[in-house]
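Engineer: First, the structure itself, so that you have it in front of you.
A short reminder: the numbers here are calculations on the coordinates, not readings from a lab. Model, not experiment: these values are computed from the prediction. Note that we place each Cβ from the backbone using ideal geometry, even for glycine, and neighbour counts take in every protein chain shown.
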Amino acid sequence: MTIKLKKNDNVMVLTGKEKGKNGKIIRIDSEKNRVYIEKVNMIKRHIKPRSAQEPGGIIDKEGPVNISNVGIYCPKCKKPVRFSVNIDDKGKKVRICKKCGSGI
């Protein structure tokens, strides 16, 4: 399966406990089909101190969300949508919302 989302895309979670939240994609794990979204699915991790400058403790970080549970967010429609890829006049690929026809 090819992943059509990219880093820094604005997405919305469609299902699960984080349903309805949106944010930017921080990282994509293509082997496991997971995405990490900014401020979504926060988990706590216990970190061992590594040096005097880097203390240990409990930190909050983003957990993974399955890529099938997110949709790209259209700012004009204000909801997650499907998109198509068209080529503009300059020969550059542009993602277009299937509902309203605006660029994403």
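Engineer: May I ask you to list the residues in segment 55-104 that are among the small types (Gly, Ala, Ser) and in contact with a Phe, Trp or Tyr (Cβ under 8 Å, 6 or more places away or on another chain)?
Structural biologist: Narrowing segment 55-104 to residues among the small types (Gly, Ala, Ser): 56-57, 63, 68, 71, 84, 91, 101-103.
Within segment 55-104, Gly63 is the sole residue that qualifies.
Engineer: Pick out the one residue from Ile104, Ile59 that is out of contact with any Leu (no Cβ under 9 Å at 6 or more places or on another chain), of a type in the set (A, V, I, L, M) and farther than 16 Å from Leu5 by Cβ.
Structural biologist: Details: Ile104 fails: farther than 16 Å from Leu5 by Cβ.
Of Ile104, Ile59, the one residue that is out of contact with any Leu (no Cβ under 9 Å at 6 or more places or on another chain), of a type in the set (A, V, I, L, M) and farther than 16 Å from Leu5 by Cβ is Ile59.
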